[in-house]
1. Give the angle, between 0 and 90 degrees and rounded to the nearest 10, that separates the Cα long axis of helix 716-727 from the longest principal axis of the Cα atoms of the chain.
2. Nearest 5 is fine: what % of DSSP beta bridges in the chain come out antiparallel, could you say?
3. Once fully extended, how much extra length lies between L846 and R636, figured as 0.36 nm per residue of separation less the alpha-carbon to alpha-carbon distance?
4. Given points 7 Å out from each Cα along the Cα-Cβ axis, report the I623 to A225 separation in nanometres with one decimal.
5. By the scheme Lys and Arg +1, Asp and Glu -1, what is the net charge of all other residues having a beta-carbon under 11 Å from that of H83?
6. What whole-number value in cubic angstrom gives the convex hull volume per residue for the C-alpha atoms of segment 371-445?
7. Cα gyration tensor of segment 442-538, axes a ≥ b ≥ c as square roots of the eigenvalues: rounded (a/c below 1.5), prolate (a/b > b/c) or oblate?
8. Just check segment 428-603 against the gyration tensor rule for me: Cα atoms, a ≥ b ≥ c as the square roots of the eigenvalues, rounded for a/c under 1.5, and otherwise prolate or oblate depending on whether a/b exceeds b/c.
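Where a number appears in this text, it was derived from the coordinates with a stated rule and is not lab data. All values derive from a computational prediction rather than experimental measurement. So basically every Cβ, Gly included, is an ideal-geometry build from the backbone, and we count neighbours across all protein chains shown.
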Amino acid sequence: DYPIFVDVVVFSLPLVMVAAGRAKKTAKGAVEATVDELLSPEIWNKNQCNVCQDVCTTKDAKIAHSKTPAHTKKVAVFKFFTHDVAKLKCSSKPSQLADRYKDRGHEAIGLDCMHELVFSFAESGWWACSLCNDAGHTYDQVDEHLASVSHLQCYLEEFHPAKAKKMERGWGLTERLEYLLGIKKQIHDEETKRGGADAMPTPEVIELSWTLELARKKLMVDDKALDYAVLPVPDDGNNVMVQCKVCHEVLPCRKDYVADVWPLHKKTDKHARFARLQRILAQFTFDRVAEEDRMMTELSEESTAGAARWKHVDDRVYGPVCGIRYLRTMGRTNLCSLCGVVCEDVDEHFSSEHHLMRFVCTTAPRDGWQMMFTSKQTRREKLLAMLQVASRENEESGSTKDPCPTSLTWEAVEPESEKLPSFPPVLEQFGFAAQCMSCALCWQCLPVGTDDDAAAVWNEHVLSGDHFDFAARRIAIEYDDQYFVPLASTVKLLEPNSHGKWVTEQVGEVQWKYQTQTDVGLEYVVEDVEQMLAVCTLCARSYPLGDKCQMGLHVRSLQHLQQYMHVANRTMLSMVLDTKKEAECEELMLEWIQRNTVSEVPEIRVYNKKKAEDLQSWPNIKIRTIQVSSLDADIRPIVDCLSALVDKVANDKDEQRAVSAREALQGSFIKEITVTRMALHKPGFALFRCGACDGCIVARTTHLEEDVWVKHIGSEEHRRRAIAFAENKFSPLYFSPLSSTYTVKPFVQKDPAKKVTWRWNALDKTHDLVLAIIGLEELVEKKSEDAMVANEANIENFAAHFFCRVCAVVVGRRAQMLEDHVRSAAHVVNYVNKHYPQTTLELERLDNNDGGKERRRVLATLLKDMKPPTEYCIPVYDPIGESERRQKEAELKQKQREAIKKNEEMRMKAMEERRKKDEE
């Protein structure tokens, strides 16, 4: 593409001849040096190659073998072990390969010959085999290598020569493979019998300070080769299609999710089956077989019949034969490597609808993926139309004379022609009289009118960009329940408001419309600590963790609320969709939030694999202790006595049954609070929050059962608080829009220069905090109860009072009693426990011999600048008053609607009369 300019220099003939002679001698010396290096005694032992174990009887054969890419790579790895590894020490890091093969039995045979290579640019994935002089950059390659005939045979010859000698020279590849696979199981059983279940070979871990370029060069590893392809999506800059080269699945995916989606896909059963199948097929060499007869037959049939058509046989349909290039013939067995099945009839399988659908997905990934979700008739029409113009790839197949191994047949036992899913889904009730269909991918219901065609409604949805985008976002969301841990979430949520409203706010590039009432659907939100994301599994949305995390806005947003209605209350959703005016629709949703529980859990769940593994080292908790701790203190001795008698008679060791610390904490609604202040970190101690009494617990991890269940849950204070909170639950519907007329005035300081912080209370013999007013907004003025709305007889016996939501106590409705409680040390400490739990940990570690002086200093320093949000900030809870007020508002709105309707009717009547007069 570019012009080449050559400088021409004229030499005299004698000089040219001399230079040519010198160059010839230099080249000859270089060739001889290269040959000597290729045939060095380090590499060759007479006629056998030490690194490849191949035999070459002549010099030319040795040179030719030494120049092959396979030999060159093995020599590079051989020199790595002989020159580089000898100078290094093994790392103390735990082996990830050992963990990978922990539960895979005989598949781990030969793992002790593997070496894990840890670099600064890659802490896992790279490996080298000292037995076969091979190396790679993924653990999937380790699976393939350990299952290969060459590695298994070398392993037997090196460590089990007696078993290796049993292989006969005349055996074919299939016989050798089946023998080696059987021997692997035998060796595993023998080693397990000798060393127990933990007698698994462990690879060495080697740390290297190499760069990526040096690692590629020295180990001759091409780390750019991947088992998947990332294909762009036309007219879509956010999403791509990931095409797996192993199982041929196509996955819609967000551009920035590919690295997360691929590991999840590899864990699926289908991919694992294909991976095992491909590992076996990789042991064989398939000859290319031209399918000329099949091509001629196909052309003849099409010229006679015209366009391709479906052939109906029972409940199946068959189209044109496609994808013969995926046919693998092993002896008398035919396999389809695209579908991973054995084919009894080649033409039947390669023309089946299931095979054709998978074939189209390899050539047109997005169109094929969308086509799978359409209705049966539409899918078949589109499929034939695509096959009519696309290449059918029937030119050649692969064949080998070696018979099909039994292990491969077992992997390919799937039905020869699997049935595709049937769409559209069945119609379900939607609201009172309508119907809908459920999309399992979008978690949405699609309304179907009486005059609508269900198939048309469904096809329009699945072919839309929204459906594809939902799939691309949702595919990265997959969580294993065993890694959800009892940790308090760090995601900041908005403060609830008893009288919420809709607000529009611009945050960065996103404009949010959200309600200020309460959080919706927290059970669908996950704090993923590993990915540093807050993920909404309901909407398939994620936001980075941190101070600016927008998940708090998302769970209040209009979009999230509408999505929540799709799964929680379809009747309400149908009413919202039927409401045409936006303002009325939003008011209806807000009222529904106030009247109903819209979140099954009060906090966001935390997903943390590392923490889940750490919890496994904590001692188990006895089930008997958990059961007894929840009983009254008076009953426990009786239960203990009876249990001891039953245990002695039954002798079934029931008293020793235990559960893991993770399960026990989750079952008791106790969550650990992450200590972020480094000065408070102390090994062996943890800080917890009790969900029943809202108290903080400082516990020793080695004595968790005693500190949490015996001392805390078994205490009278825990029981009192838990009962008080259970009896005083507040519905957002019954809070008055006006605050209480009661308040606490600031303490009058006589000398502003020397402010009084704590005042001695001689009556209670404690100190009261007078420096600031703490937790006034945590009290609720209770004027009536929920039960009074239905039963007016309880009104006479009820006395209005305050309830403190941090102390779980009732306070009389008098100004002095209110002030005494708010200033009390107990109230201050309970407020700190709720809002500043890490300070609680600090207070626990202080010395008690100074009469609490240091504790009061810490509390005063923390709270000195704190003020109530407003002077009158105590909310009023009045179910009777609010019910009456709402009823009056509803009657007033009804009158207004009737007046508007009447005015509209009069206006229409006047217009009609005017029209008649104009006509006259």
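1. 80
2. Of the beta bridges lying entirely in the chain, close to 85 percent run antiparallel.
3. Between L846 and R636, full extension yields 72.3 nm more.
4. 5.3
5. Neighbourhood net charge equals +1.
6. Measuring per residue, one finds 154 Å³ for the Cα hull of segment 371-445.
7. Verdict is oblate for segment 442-538.
8. Note, shape of segment 428-603 comes out oblate.
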